[in-house]
Amino acid sequence: MEAEHVATLRELLAATPWLERTEEFARALRDTREAGGLLLVGTPEEEPWHLAAHLADESRYAGLPQLSPTLLRWNPSPDAPAHLRIGLDRLAEARRGETLFVVSPEREAPIPLLERIDDARRTGATILALDQGDRELAALAHDAISLDPVEAPVSFEGMQHLVSSAAGKPAERRQRHGLRDRISRFLDVVSGPRILD
C-alpha cells in the first residue's frame, strides 16, 4: 500500500475513533527504549514480513532506531541471514524496556504463543497486540487493537499500514499552559509586536 493510499485511508477514518486509536497505539510502539527492543511475532501460518518491512522503513525515515523490529520466526532456517534466523527463543530474553508486538490474523493465537507472551510479560516486556477478536491475546496485552473482521471499517492489512505509518510520525508536542507561559503570552500581547533593527 503506497503512502497515497494510507493518506486516503486516514482521511476516510478521520471522523471515527479508529484514527486516534491507531495513533495512540503507535505511540506505545515508539516507547520502546532501544534499537532491537521491538520484537515482532506472528503465528506459525502468518509471519508479519510486510509489517516488519514497513516498520523498518518508518524507522529509517523518522530517525527512530527503536522502531526497527526484530522479526521472531517460528521455524527459522539455519542458513538464513542472521536477521532472519531469530526464533521464538528470543522471547525468553525479553526484558523491561522492550516491546513485544504480536500480530495475529487468526481468531485465536496458538497456545504455545500465548504461553511465551505471558512469560515475556512477567519479565517486564510491554505487550502490544493487533488481532481479530482474540480475547485471550487481548487480555495478555498491555494494549491491543482488536478488529472484528465483519464490522471493522478497515481490513487487517490496512490497519497494519495505519499503525506502521503512525509509528513513524513525530510525537506531537503538548502545549504548556503553566504560569510562565501565560505571563509570556500576556507580555507579548501587551507589548505589541517586536520590531527588529
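The values are calculated or read from the model by the stated rules, or taken from the named source; none is laboratory data. Owing to the predicted nature of the structure, the values given are computational and were not obtained by experimental measurement. Here the Cβ positions follow ideal geometry from the backbone for every residue, glycine too, while neighbour counts run over all protein chains shown. When the accessible area is computed, the model is the full protein with side chains, heavy atoms only, and any ligands, DNA or RNA have been set aside. Shrake-Rupley method; radii C 1.70, N 1.55, O 1.52, S 1.80 Å.
Here are some notes:
- Whole-percent carbon and sulfur share, accessible surface of the chain, 1.4 Å: 50 percent
- Neighbours of Ala152, meaning other residues whose beta-carbon lies under 12 angstrom from its beta-carbon, give a summed charge of -3 when Lys and Arg score +1 and Asp and Glu score -1.
- Charge tally around Ile86: other residues with Cβ under 15 Å, Lys/Arg +1 each, Asp/Glu -1 each, net -1.
- 11 Å reach of a label modelled at Ile111, 7 Å along Cα-to-Cβ, counting backbone N of segment 69-104: none
- Full-stretch length increase - Asp118, Ala138 - with 0.36 nm per residue and alpha-carbon distance subtracted: 6.1 nm
- Note that the chain presents 61 Å² accessible area per residue, ligands and nucleic acids not counted, probe 1.4 Å.
- Overall form of the chain per C-alpha gyration tensor (a/c, 1.5; a/b vs b/c): prolate
- Applying both filters, DSSP loop and at most 10 other Cβ atoms within 10 Å, to the GluC sites (Glu not before Pro) of segment 27-62 gives Glu34, Glu45.
- Within-10-Å neighbourhood charge of Ser68 [Cβ basis; K, R +1; D, E -1]: -1
- Applying 0.36 nm per residue to the separation of Thr8 and Ala53 and subtracting their alpha-carbon distance, the gain on full extension is 14.1 nm.
- Approximate shape of segment 85-173 as ellipsoid semi-axes (Cα gyration tensor, √5λ), whole Å, largest first: 22, 18, 11
- When the square roots of the Cα gyration tensor eigenvalues are ordered a ≥ b ≥ c, the ratio a/c for segment 1-68 is 1.5 or more and a/b exceeds b/c, which makes its shape prolate.
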